[in-house]
């Protein structure tokens, strides 16, 4: 039997045109997942207009990273929680914030989605995991299906900072038996 994978850094990407639903979403997630270790500045979302009919123009993406490391097999449950938060903040049947949870490890960024595609693995009924970026040669590298904003240098730079913090925390937890 092989060893269990190490815990990962839980990230949630928040896409919104207004900071109010974004902040309310983070508050709801913190209440369930614990404190944040990182809250990025808004990143203009100019890669596609896919979300504009539902959420309007002028969208920005923010990245929230949680302090507590999580077991990778819990990602499907976090996707369900994110969907509940989105629904609770919806207005007249339209989402005001889009939440995409993922796991950052030393090797990759895996995002959870409800959209099936041949390169995605089923995590639970209706929830799929996608290796969006993989780490090699000192950087996160995109794959053919990686969304352009995640493939962009700005996002990959943020993820490198988070990876360094993750690796430090993981080493400290191993050294101290889980207490940092």
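Using a 7 Å offset from Cα along Cα-Cβ at residue 24, what residues in segment 98-114 end up with backbone N under 18 Å from the label point?
Residues 98-100 qualify, since their backbone N sits under 18 Å from the label point.
Segment 94-176: percent of C-alpha pairs farther apart than 19 Å? Could the numbers behind the result be given before it?
Details: 1508 of 3403 pairs.
Tail of the P(r) past 19 Å holds 44 percent of the pairs.
If r is the Cβ-Cβ distance from residue 90 to residue 173 and R0 is 35 Å, what FRET efficiency results, to the nearest 0.05?
Numbers: r = 37 Å, r/R0 = 1.06.
The value I calculate is 0.40.
Given a 10 angstrom Cα cut-off, can you work out which residue in 143, 69, 11 is the most mobile in a GNM of the chain?
143
What value, in deg cm²/dmol to 500, does the helix sum -39500 (n - 2.57) over DSSP H runs of n ≥ 4 give at 222 nm once divided by the residues of the chain?
Details: 5 runs with 62 residues, N = 180.
Helix-only estimate at 222 nm: -11000 deg cm²/dmol.
Could the peptides 22-33, 112-123 be put in order, highest first, of the mean number of other beta-carbon atoms found within 10 Å of their residues? Show your work: numbers first, answer last.
On the way: 22-33: 16.8, 112-123: 12.8.
Highest-to-lowest ranking by the protection proxy: 22-33, 112-123.
With the crude spin-label approximation of a point 7 Å out along Cα→Cβ, what separation in nm comes out for residue 136 versus residue 160?
1.8 nm
Readers should treat all values here as calculations from the given coordinates under stated rules, not as data from a laboratory. Small disclaimer: the values here were computed from a predicted structure and weren't measured. Quick reminder, even Gly has a Cβ in these numbers, built from the backbone with ideal geometry, and neighbours come from all protein chains shown.
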